[in-house]
Amino acid sequence: MPIPNSLTAPILRRSTVAGVRSISSWFRSIEPAPKDPILGVTEAFLADQSPNKVNVGVGAYRDDNGKPVVLECVREAERRIAGNDFMEYLPIGGSIKMVEESLKLAYGDNSEFIKDKRIAAVQALSGTGACRLFAAFQQRFHPNTQIYIPVPTWANHHNIWRDAGVPMKTFRYYYPESRGLDFAGLMDDIKNAPDGSFFLLHACAHNPTGVDPTEEQWREISSQIKAKGHFPFFDMAYQGFASGDPERDAKAIRIFLDDGHLIGLAQSYAKNMGLYGQRAGCLSLLCEDEKQAVAVKSQLQLIARPMYSNPPLHGALIVSTVLGDPELKKLWLKEVKVMADRIIGMRTTLRENLEKRGSPLSWQHITNQIGMFCYSGLTPEQVDRMTSEFHIYMTRNGRISMAGLNTGNVGYVADAIHEVTKSS
Amino acid sequence: MASHDDISASPTAASDSVFAQLVRAPEDPILGVTVAYNKDPSPVKVNLGVGAYRTEEGKPLVLNVVRRVEQQLVNDVSRNKEYIPIVGLADFNKLSAKLIFGADSPAIQENRVTTVQGLSGTGSLRVGGEFLAKHYHQRTIYLPTPTWGNHPKVFTLAGLSVKTYRYYAPATRGLDFEGLMEDLSSAPSGSIVLLHACAHNPTGVDPTLEQWEQIRQLIRSKALLPFFDSAYQAGFASGSLDADAQPVRLFVADGGELLVAQSYAKNMGLYGERVGALSIVCKSADVASRVESQLKLVIRPMYSSPPIHGASIVAAILKDGDLYNEWTIELKAMADRIISMRQQLFEALLSRGTPGDWSHIIKQIGMFTFTGLNTEQVSFMTNEYHIYMTSDGRISMAGLSSKTVPHLADAIHAAVTRGV
């Protein structure tokens, strides 16, 4: 029943209780948290007044004018969705259609695993959310296990498994001397891990190094993982974005599937569909049979419900509209290739610029590496100089987001890199 | 460092799943009701499970203001889909704080409030719970009996341990005020207390403002930490958004600290877009700033940053005077329909001479009625009358229409008179 106004005013006026104002904060001992190393870069960039500033920090695509891009296929999908009568809760496991399309994309349109309904899959909050669901799932059903993560890896992987309560171990991955893959070290570490360990693998366009195993190396990795009975968990945040061809970028996954692995997979649409802020992704686990897939999915839902109840609708609608319509899907494939090609072009240009300036160092790795990022090899001190002297913003591990480069600034960035490295 | 022996071995054959031992989990007790409802082919089925508003025609409702704003957003080609900050959209956060605390709230003016965008109510509660588990000296949260089915799991998985306090008195179908005060009195100092800001879910039973004042005094004198769940600030009961927020504002006015999780699922009809906010009112601006930085560390490993779409819609509506007014008018229409359903159901039971006192139907507040039916009666109603509701006897009034009220009244009458 309505509360009479006459009651509220006097109560509010005499609401001081002796002692409340003198109690100090419950949170007075809370330390200020360190800034997120990646997102903190953009914050600092935005605060910088220099007209020459360049942001090669966060991995979000920019066009040749340095502007964010909303894909045409996405705009069209949004036009179709607007005025939609449905804003109800999705099921806990998310949009069925979006999940179906995601599985086709990753496992193959004609995948026998999809036909046999062997994949437990739920819509997730982009790649982060998919990894977190899996980490929590791993902790619940294999509480005595650890996750092996490559060195280096995306910084947030540490946070995700830590907050899920799963201890981490590492395996060798990047080889600074070659700025390439430490294949021997990687294989060794896989061999030496106890049987049945959980391994986190980047399916393509490794973040932050851009260094991917070759197809042949993937086959050997698959064999060794199989021999040890390890669980392979793939984080695929760049399908289509790496080579321009989603089928090609899924090669590692297909190799593992052919080899008989029961993989886990986190997919993200942040980069390849430009849906960053929509938080659209998918977590899938390949099971022995349909019955197990049903059980696993139901358990994933038990983890999702107390975290966010059900996933957001809008991004899912965009994904299923784009991938579910042959014309829109064709358009998407074209647009993804444009993004990937621009980045590949920037790699070539950056390398050429550095070589032209007579740099004493080898910059081959810039074009050997693939995807959004280049692991430049710059030291933290050199990175600091890039920022303080040249207003170029990047993470201190030397990672450059190639999408932040364009024909307008690539020369300037090459100059700066040359300047800070020429006495190396 | 764990020794080799601590690591559980898995089968070495690649074809054996590491999850082979999993059993199928039961359906969620609330969301599973809709799953069961969807499977039922009966033409007379009624879904009174999940708290989602329905029109008189039984259709979901997208508010006109929401439609208009969505169209604006689509047509605005300057908008992009970049990541929004970890804490969400700044204007959304400010406007949400104003909505719950009042634009003239001293806590806001003194910059003592930190607000982060969350994944609707659930996500905001979870982030708040994890933050407390990491940074607060007490790890126990007291939940009312009964409470929303998802609360215990949210807080347990956040790392807190859950205890309860008496709330609902089945005998009176009202508030067990003495039991509540007793139980909170005996809670250890510093314990966290979950309070439903208004329109208690599932019972619809709210304390009066005088009772709220006594609760506040008790909580402050025992140095308990209040955590409000505000999922129904919609004027459904009191007729105004501000009145619905009075309990929360009572606590803020005494200068103390508190948490509040807000949801826009019901009051903006944005269910599936997952829009909500967590606010923490602190003693000082400095503390609030440090708290915000730590909240980011909870959010980043969970989902990195929240979704942009729903929050953009809410911000646009809250910041525009005309849209805001239109919104309150649409809210009133929803509230009036729910009150009308309450009246109709009550009268239908009276006219059938259904045994028992059914006045709680018109006394309870918000979206739900806690009927008082037991699990056997509920099963009977589902099996024989295709009425879908949660087994605790809760029905969502928003799921009823003039056409379906008679059928529900028949079902209740049958369940009560068959001597189950």
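The values are calculated or read from the model by the stated rules, or taken from the named source; none is laboratory data. Fair warning: this is a prediction, and the values are worked out from it, not measured in the lab. Backbone-built Cβ (ideal geometry, glycine too); neighbour counts: all protein chains shown. With ligands, DNA and RNA removed, areas are computed over all heavy atoms of the protein, side chains included. Shrake-Rupley method; radii C 1.70, N 1.55, O 1.52, S 1.80 Å.
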**Asked** Nearest-5 percent of antiparallel DSSP beta bridges in the stretch B:83-319?
**Response** 45 percent
**Complete:** Candidates A:Glu88, A:Glu101, A:Glu352; GNM for chain A (alpha-carbon contacts under 10 Å) flags as most fluctuating A:Glu88
**Request:** Just name one of A:Pro194, A:Ile255, A:Ile160: the one whose Cα is farthest towards the positive end of the charge dipole of the stretch A:90-324 (beta-carbon charges, Lys/Arg +1, Asp/Glu -1).
**Result:** A:Ile160
**Asked** Hey, how many Å between the Cα centroid of the stretch B:194-260 and the Cα centroid of the stretch A:354-424?
**Response** 55 Å
**Request:** Only Lys, Arg, Asp and Glu count, each charged at its Cβ (+1, +1, -1, -1), so figure out the dipole size of the stretch B:132-201 about its Cα centre, rounded to 20 debye.
**Result:** 320 debye
**Asked** If the cut-off is 17 Å between C-alpha atoms, which lysines fall inside it for A:Lys169, apart from same-chain ones fewer than 8 positions away?
**Response** A:Lys191, A:Lys228
**Student exercise, the stretch B:298-388 dipole from Lys, Arg, Asp, Glu Cβ charges, in Debye to nearest 20** = 200 debye
**Request:** Rounded to whole Hz and in sequence order, give me ³J(HN,Hα) for the stretch A:270-282 from the Karplus expression 6.51 cos²θ - 1.76 cosθ + 1.60, θ = phi - 60°, writing x for Gly and Pro.
**Result:** 4, 8, 6, 10, x, 9, 2, x, 7, 6, 10, x, 8
**Message:** Between B:Asp322 and A:Glu177, how high is the FRET efficiency from 1/(1 + (r/R0)^6) when r is the Cβ-Cβ distance and R₀ = 51 Å? Nearest 0.05.
**Reply:** 0.20
**Asked** What lysines sit close enough to A:Lys67 to cross-link, taking a C-alpha to C-alpha distance under 16 Å and skipping anything fewer than 8 places away on the same chain?
**Response** A:Lys53, A:Lys271, B:Lys81
**Item:** Lys/Arg +1, Asp/Glu -1 at C-beta; the stretch A:330-424 dipole; positive extreme among A:Val420, A:Thr367, A:Leu331
**Value:** A:Leu331
**Request:** Would you mind checking A:Lys226/A:Lys337; B:Lys153/B:Lys266; A:Lys97/B:Lys153 for any pair whose Cα atoms are more than 24 angstrom apart?
**Result:** A:Lys226/A:Lys337; A:Lys97/B:Lys153
**Rounded to 5, percent antiparallel among DSSP beta bridges of the protein assembly as shown** = 50 percent
**Message:** Could you compute how much accessible area chains A and B hide from each other, both sides summed, with a 1.4 Å probe? Nearest 100 Å² is fine.
**Reply:** 9200 Å²
**Apportionment of accessible area to carbon and sulfur, chain B, percent (1.4 Å)** = 53 percent
**Request:** Just the number, please: percent antiparallel of the DSSP beta bridges in chain B, rounded to the nearest 5.
**Result:** 50 percent
**Lys/Arg +1, Asp/Glu -1 at C-beta; the stretch A:90-324 dipole; positive extreme among A:His142, A:Phe231, A:Gly210** = A:His142
**Item:** Value of relative contact order over chain A, rounded to a whole percent, pairs C-alpha under 8 Å and six or more apart
**Value:** 24 percent
**Item:** Label-point separation in nm, B:Arg68 to B:Gln343, each point 7 Å along Cα→Cβ
**Value:** 2.8 nm
**Pairwise FRET efficiency - A:Asn144 versus B:Ala333, Cβ, R0 = 56 Å, nearest 0.05** = 0.50
**Request:** Kindly report the accessible area of the stretch B:83-319 per residue (heavy atoms of protein chains, probe 1.4 Å, no ligands, DNA or RNA), in Å².
**Result:** 26 Å²
**Extension reserve of the A:Asp341-A:Asp188 stretch, reckoned as 0.36 nm per residue once the Cα distance is removed** = 51.6 nm
**Item:** Computed label-point distance, nm, for sites A:Arg80 and B:Ser289 using a 7 Å Cα→Cβ extension
**Value:** 4.9 nm
**Request:** May I ask you to give the percent of accessible area on chain A that is carbon plus sulfur, with a probe radius of 1.4 Å?
**Result:** 52 percent
**Message:** Only four residue types carry charge here, +1 at the Cβ of Lys and Arg and -1 at the Cβ of Asp and Glu. Report the dipole size of the stretch A:226-334 about the Cα centre in Debye, rounded to the nearest 20.
**Reply:** 240 debye
**Prompt:** Which ³J(HN,Hα) values in Hz, rounded to whole numbers, follow from the phi angles of the stretch B:182-199 under the Karplus curve 6.51 cos²θ - 1.76 cosθ + 1.60, where θ = phi - 60° and Gly and Pro get x?
**Reply:** 4, 5, 6, 4, 8, 6, x, 3, x, 4, 8, 10, 7, 10, 7, 4, 6, 6
**Complete:** Reduced to Cα centres, the span from the stretch B:293-326 to the stretch A:212-274 in Å works out to 34 Å
